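The structure under discussion appears below in the form of structure tokens.
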């Protein structure tokens, strides 16, 4: 199983020097540690795992290359993660296009589209959301803007139309 921490550390709950350094430096958060421990307790196949996790106000976004394996049959695995964290969990495909990732993050709000704006300093994403559905956003627009900038690797603006 692929997680930010090694399998031996998850099994013993005592951390090797490398994993301890990741925890101390903030490369791996306590949320990611809890997710990794919950996944390990579910006995998932070897290809299952996650890349990173980001927190919203009421939910945790788990980015993975194998979403079906992390969700589990009937949602069993994702329910175990949600129970361990005490928050809703959204599983997002790390290999998906930016448009699909953004759409998953914004649910239940609808997304009108994503514009890629090319500027002298690099590209920027403008995410268009209907103004009437602003109340359905999973978090405040400013928090979502920061979150999306982090996982897209480019500045992001949320435009309410």
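FYI, it's all coordinate maths here, none of it is from the lab. If you're wondering where the values come from, they're calculated on a predicted model, not measured in any experiment.
Counting only helical runs of four or more DSSP H residues, what would the 222 nm mean residue ellipticity of the chain come to if each run contributes -39,500 (n - 2.57) and the total is spread over all its residues?
-11000 deg cm²/dmol
So how many Å³ per residue does the convex hull of the Cα atoms of the range 96-161 work out to?
Spread over its residues, the Cα hull of the range 96-161 gives 76 Å³ apiece.
If one computes the Cα centroid of the range 1-32 and of the range 124-161, what distance in Å separates the two points?
31 Å
Please report Rg (one decimal) and Dmax (integer) in Å for the Cα set of the chain.
16.9, 51
Over the Cα atoms of the range 1-95, what is the Rg over Rh ratio if Rh follows Kirkwood?
Taking Rh as the inverse mean 1/r over Cα pairs, Rg/Rh reads 0.94.
Compute the helix-to-body angle for 30-41: its Cα long axis versus the longest principal axis of the chain, expressed 0 to 90° and rounded to tens.
Helix 30-41 sits at roughly 60 degrees to that axis.
Given Cα pairs under 8 Å that are at least 6 residues apart, what percent is the relative contact order of the chain?
In percent, rounded to a whole number, it is 16.
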